Amino acid sequence: MKKNKILMFAAAAVLFASCGGGGGRPTFGDNEYPVVTVGTSSTQMQTTYPATIKGVQDVQISPKVQGFITQINVKEGQAVGAGQVLFVLDNATYQAQVRQSQAQVNTAQAACNTAKLSFENAKKLFENKVIGDFELQSATNSYESAKAALSQAQAGLASAKEMLSFCYVKSPAAGVVGTLPLKKGTLVNTASVLTTVSNNSQMEVYFSLNEKDALLMAQAEGGQKAALGAMPNVKLQLADGSVYAHEGKVTKMSGVIDPATGSIQVIALFPNPERMLKSGGSGSIIIPKSNNDAIVIPQSCVSEVQNKKFVYLLGKDNKVKYTEIKVDPQNDGNNYIVTEGLKVGDKYVTNGITKLSDDMEIVPITPERYQQKIEEQSKAMTAGDIVDAMKK
């Protein structure tokens, strides 16, 4: 017997729980419906956008000369500094060129020294009127020619040394080494990509705003630059659903609209002290949005027909009007923020909307009275009433 009472109580609880929402109502027999007056409240909503994560500086490392890889001095994921040698290419040929160029410099230097002595001697002889202008000018020209040959040899040596330095492939910036697709002994050239060095002390997160939202932002703040400055700090939801520990700041917005998507690329900058974010990763940007004068209504009092949303508004004659509203597409799953169709002071029906029809006259009551009547009816129901109700 005790077990049957428990079962009946559970059935009653289920029955009245289903009646409490917008889809149904208890049978009061007096046409009473709960009505609420529209007011405003503060809300904190958020908008999410798919995003791609990139290092502030992702540099593809390629050699400037052709050669075989003789040394790989780093490992994947290793942190490197600017100027650190990552790869060494076979450089025997370039070392020989440096030695040859050095020999040419030495020869040119000796010739230049000899020409200088000849010029200085000719100058003294000319001053003593032993030789004429022609001999002095010839000595001068020989000296100038020797100096030019020396400069040319020195330039060749500098070029040979530079070509030799290209065999030592260095990192242009501090960062983290990416994949190493090529192995020691591979012949590479200027088109080969040896690896990528990503500066991940800070990360740029790329996402897109549609053209309408970008224009509204710019118009509201008086320009794109002011709109970027006014944007709140943003959050990053990672691929596993967790939210990144550090907030970011929107720093850049493209000045060009993508004609294919009708969107504008935006970049948010995030600190990355723990090196958790990886270049090439994905996630979602979360932009918070506050509204201090929002009209918020429960989703349970809204009916939807062909992607349009409606509520029942109460008129002065206690007749309800089936009224279309528009809502913010972002919601918390329980409430809507109404953008059109309702104003402060309007009255709408909160429960039992499936029993209503346009221009139907009702007796408005408060939600508190509505709940009280549910409880009173629950206490008055017999086991037979519950069974009958469950059969319907």
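Every number here is computed from the coordinates shown, using simple stated rules; none is lab data. Note that the structure is a prediction, hence the values are computed from the model and not measured. Note: ideal-geometry Cβ built from the backbone for every residue, glycine included; neighbour counts use all protein chains shown.
Some observations on this one:
- In this label model, Asn113 and Thr48 are separated by 7.8 nm, measuring between points 7 Å along each Cα→Cβ vector.
- Set Lys249/Lys309; Lys309/Lys343; Lys75/Lys170; Lys289/Lys326; Lys225/Lys289; Lys289/Lys343 screened for pairs whose C-alpha atoms are more than 24 Å apart: Lys249/Lys309
- Volume per residue that the Cα convex hull of the stretch 86-141 spans, once the total is divided by residue count, Å³: 86
- For Lys252, distant residues with modelled amide H under 5 Å away: Ile267
- For the chain, calculated [θ]222 nm from helices alone, where every DSSP H run of n ≥ 4 adds -39500 (n - 2.57): -11000 deg cm²/dmol
- Potential lengthening between Glu144 and Asn106 on full extension [0.36 nm per residue; Cα-Cα distance subtracted]: 12.0 nm
- In order through the stretch 312-325: 3J(HN,Hα) via Karplus (6.51 cos²θ - 1.76 cosθ + 1.60), integer Hz, x for Gly, Pro: 9, 8, 8, x, 5, 8, 6, 9, 8, 10, 6, 10, 7, 10
- Spacing of the modelled spin labels on Lys225 and Ala191, each 7 Å from Cα toward Cβ, amounts to 4.4 nm.
- Applying a DSSP loop filter and a limit of 12 other Cβ atoms within 10 Å to the trypsin sites (Lys or Arg not before Pro) in the stretch 238-294 leaves Arg275.
- Between Ile297, Cys112, Ser171, the Cα set farthest toward the positive side of the dipole of the chain (charges on each charged residue's Cβ, about the Cα centre) is that of Cys112.
- Percent of C-alpha pairs per 10 Å bin, the chain, short to long: 4, 13, 14, 13, 12, 11, 9, 7, 5, 4, 3, 2, 2, 1, 0
- Pairwise centroid distance, computed over Cα atoms, of the stretch 87-103 with the stretch 152-181, Å: 13
- Local electrostatic count at Ala96 - Lys and Arg +1, Asp and Glu -1, tallied over other residues with Cβ under 13 Å: +1
- Cα pair distances in the stretch 256-346, grouped into 10 Å bins until the bin that holds the longest one, percent each: 11, 30, 23, 20, 11, 4, 1
- Computed from label points 7 Å out along Cα-Cβ, the spacing between Gln372 and Ser165 is 9.0 nm.
- Shown here for the stretch 37-130: trypsin sites (Lys or Arg not before Pro) in loop regions (DSSP other than H, G, I, E, B) with at most 13 other Cβ atoms within 10 Å, namely Lys64, Lys75, Lys129.
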